[in-house]
């Protein structure tokens, strides 16, 4: 069975500071993708960043970067220079050749001004 | 590209009633997915279509649930004889099967069964 675990139900960060959200996963597949999605209160899921498992280089998108540790099956998200608009639920998700996304339980991020 | 549309946004129904939700995917996306999200949890896969063919159904999809995608365009998800445990957000997403990412999600339908 494939699983995704986010062990931090809630996180808080001061505006302009850096925060790291944790995610671990389990899969027997060798070819897969990992994603972080953001779900603001309006509820539409938005892709933040993706990582292909075959790539060793960690993905980066502006203020968002990941630390992908394939052997440890760990995939954390770092948000630098946090902004008020970053406040949302963040979901880690695993995609494999089966074609569907498997989500973690989510981490609710609050940003303090 | 107008995104993925879901209708209605909110639905309140009495226990035992039937409800139907609609999802309009991005027009060039041949894959369409339904997920269910309960409060404080991540979305759980229900079923997906490639064009008009329903390719996989989760064990979460009991006999009271049925989904269709006639002509490979919009999709409907029907729940018969609703139960309080069906209260959740129902999310639709679509993508091209030629990509391994690129899901676009709708804003969801919030179902409350009273």
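The values are calculated or read from the model by the stated rules, or taken from the named source; none is laboratory data. Computed from a predicted model, the values in this text were never measured in an experiment. Ideal geometry is used to build each Cβ from the backbone, glycine not excepted, and the neighbour counts take in all protein chains shown.
In region B:41-57, what count of residues is obtained for those that are at the interface with another protein chain (Cβ under 7 Å from one of its Cβ atoms) and not in a strand (DSSP E or B)? Residues that pass the stated criteria total 3.
Once region A:41-62 is narrowed to residues that are within 26 Å of residue B:108 (Cβ to Cβ) and at pLDDT 90 or above, the residue that is surrounded by the most Cβ atoms within 10 Å (Cβ to Cβ) is A:45. Does residue A:12 satisfy the condition of being outside any loop (DSSP other than H, G, I, E, B) and within 15 Å of the chain's Cα centre (by Cα)? Answer is no for this residue. The residues in region B:3-22 that are within 13 Å of chain A (Cβ to nearest Cβ) and either part of a strand (DSSP E or B) or farther than 19 Å from residue B:79 by Cα (or both) can be counted, and the count is 5. If you go through region B:59-68 and pick out every residue that is within 14 Å of chain A (Cβ to nearest Cβ), surrounded by fewer than 16 Cβ atoms within 10 Å (Cβ to Cβ) and touching a residue at least 12 places away in the same chain (Cβ under 8 Å), you end up with 1. Kindly evaluate residue A:37 against the criterion of being within 12 Å of chain B (Cβ to nearest Cβ) and either within 19 Å of residue A:104 (Cβ to Cβ) or part of a strand (DSSP E or B) (or both). It is true that residue A:37 is within 12 Å of chain B (Cβ to nearest Cβ) and either within 19 Å of residue A:104 (Cβ to Cβ) or part of a strand (DSSP E or B) (or both).
Is it the case, given these coordinates, that residue A:65 is in a loop (DSSP other than H, G, I, E, B) and either modelled with pLDDT of 95 or more or closer than 29 Å to residue B:39 by Cα (or both)? Spelling it out, it is not the case that residue A:65 is in a loop (DSSP other than H, G, I, E, B) and either modelled with pLDDT of 95 or more or closer than 29 Å to residue B:39 by Cα (or both). When region B:69-81 is filtered for residues that are touching a strand residue (DSSP E or B) at 6+ places or on another chain (Cβ under 9 Å) and either surrounded by 14 or more Cβ atoms within 10 Å (Cβ to Cβ) or touching a residue at least 24 places away in the same chain (Cβ under 8 Å) (or both), the ones remaining, listed by number, are B:69, B:72, B:73, B:74, B:75, B:76, B:77, B:78, B:79, B:80.
Quick grid of which residues meet (1) more than 24 Å from residue B:99 (Cβ to Cβ); (2) surrounded by fewer than 20 Cβ atoms within 10 Å (Cβ to Cβ):
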| position | (1), (2) |
| --- | --- |
| A:66 | no, no |
| A:70 | no, yes |
| A:74 | yes, yes |
| A:91 | no, no |
| A:95 | no, no |
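Scanning for something away from every other protein chain (no Cβ under 14 Å) and part of a loop (DSSP other than H, G, I, E, B), does region A:46-57 turn up at least one residue?
Yes, that holds for at least one residue.
For residue A:58, the conditions (1) more than 23 Å from residue A:111 (Cα to Cα); (2) in contact (Cβ under 8 Å) with a residue 12 or more places away in the chain all hold with the exception of (2).
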